[in-house]
Every structure is written in C-alpha cells, then in structure tokens.
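The block underneath contains the structure these notes are about, expressed in structure tokens.
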Amino acid sequence: MIGIIGAMQLETTAISEVLTEKQRCEYAGMTFLSGKLNGIDVVVSTCGPGKVFAAVCAQTMILKFHPEYLINIGVGGAISPSLHVTDLAVATSTVQHDMDTSPLGDPKGMISQINRIHLPCDPALIQAARDAMADLGLKGEFGVIATGDQFVDSVELKSTLQSRFGAIACDMEGGAIGHVCFINQVPYIVLRAISDNAEDGAPVSFETFAVSAAAQSVKLLTCMLKKL
Ligand code: ADE
C-alpha cells in the first residue's frame, strides 16, 4: 500500500478519478480513498491546507492503512531562481521554516524533541523520481522544500528560506508529513510542481497555474510508481 496526500482537490482529483476497486472511508473529516492505480494498492487523501491538516492526515493514513511509504504531491512556490511555473521541485529533505525556539537557544527550524531541522526523504524514492523525470523529459530540481503555515509572497521571506535552509521551493504541508513519517519511521517524499514564484504576483500566478502545475506532479507520480 502506498499513501498519497495532496492538500487541495485540484492536486488529487486526477489520481482519485483513475483508481479502480475504490473504497471510501472518513476520519477527522477527511476522505481516504483506497483502490488500485495501475495494479498497485494506494490510498489517496485530500488533507486541506497547512501543517496540522497534513499531520493529521499522514498519521491517520499510517495507523489505518499501514502504507509502505507516503508521497506528498501538489504545487509549490519557487525559491530557486532556475525553477519556473510547471517545473518540478522534488524534495531530498523538508524543513519547517516557521518552527522557532531560537529564544531558547535552538537554531531556527530546529524541531525540539527529535532535535533536527532537516527531515530527509527516502533515497529509493528520490532515485525513482530522478529516473521518472529523465524518462518523461520533465524539467526540475531536487533539494530542500521549506514548509510553513503561510503562503509565501515576499522577496524577503524567499531569500531567508534560501539562505537559512538552502530551500529550492516552499509549500505548506511537506515538512509536516515529513515530521510524521520521521517519528513513525515511514519513508516519504514530496513532489511539487511550481505554481508561482513566491513573491509579488504569486497569488495571481497560483490561481492561474495551480491546475496545470498539479497535473505535472501527478504525471511524475504515475511514472514513478511504475519504478517502485
Ligand atoms: N504553494 C504554492 N505556492 C506556494 C507559496 N508561494 N507559498 C506556500 N505554499 C505554496
């Protein structure tokens, strides 16, 4: 069983629609749709925006469906200057950029208790994503995805995410799913396609390109699953 999580319907519909042998159940107001995708057992859920929804969804999936690994798909904002709308940003690790216990002496982004900033993605999943991107001839980058409970639309925050964490892209769920996967020892990866440049004009770009960008992340996921 493979768990697939997207924050918005527009990020998950294309997968949900092609599932066969569908079974639906609900926990915490979220729908979990299980079935087969090209013969592979998967469970798909649309969690809602932000870290809390994402964490609840990931933990529920792990406890109720026991997935071998979790894949977070969807759209993100570009931090790397070489990423453009509909390009792919694949996480090698995630960070929670709004986690801040620095007044207590920790570095910014440090998750106390587990004492780490970076939540590493699974090497086999990263390799499968590299192979799928090469096969499909899709353009993109691999690196750190920075997660926080905010839609990033300023040059200042963008450059902080780049200089502090080495981020290539930002989102609002990946690092929460990474956190849940880390404490449950479940391998995970985040596949994002760029909908905006996370600065001036980002909300309009997001509205315009979210659907076409989301389709790219689904394309990558579908090809990747065949390699696992
Ligand atoms: N998802 C898509 N674009 C984003 C942005 N600019 N900030 C956070 N999450 C996003």
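Readers should treat all values here as calculations from the given coordinates under stated rules, not as data from a laboratory. What you are looking at is a predicted structure, and each value in this text was computed from that prediction instead of being measured. Here the Cβ is made from the backbone with ideal geometry for all residues, glycine too, and neighbour counts use every protein chain on show.
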Gain upon complete extension [Val52, Ser159; 0.36 nm per residue less C-alpha separation]: 36.0 nm
Unit charges on C-beta of K, R, D, E only; dipole of region 2-227, Debye: 580 debye
Long-range HN-HN contacts of Thr101 with modeled amide H, under 5 Å: Gly109, Met110
Surrounding net charge for Pro67, when Lys and Arg each add one and Asp and Glu each subtract one, Cβ distance under 13 Å: -2
Net charge over other residues, Cβ less than 10 angstrom from the Cβ of Ser34 (K, R count +1; D, E count -1): +2
Ranking of Leu157, Leu83 by count of other Cβ atoms within 10 Å, fewest first: Leu157, Leu83
The chain - Cys residues lacking any other Cys C-beta under 4.7 Å: Cys25, Cys121, Cys170, Cys181, Cys223
Unit charges on C-beta of K, R, D, E only; dipole of region 67-180, Debye: 260 debye
Helical segments meeting 27 Å axial Cα length and Kyte-Doolittle 0.5 threshold in the chain (DSSP H): 202-225
Sorted by Cβ density within 10 Å, fewest first, the residues Leu33, Leu125: Leu33, Leu125
Net +/- balance of residues flanking Asp131 in space, Cβ distance below 11 Å, scoring K and R +1, D and E -1: +2
Gained length - Asp149 relative to Ile114, 0.36 nm times residue gap less alpha-carbon distance: 10.6 nm
Pairs of alpha carbons in region 91-197 whose separation is greater than 25 Å (percent): 21 percent
DSSP bridge pairs, region 2-227: antiparallel proportion in percent, nearest 5: 40 percent
Neighbour-count order for Ser112, Ser212, fewest beta carbons within 10 angstrom listed first: Ser112, Ser212
Net lengthening on full extension, Ala134/Gln23 (0.36 nm per residue, minus Cα-Cα): 36.6 nm
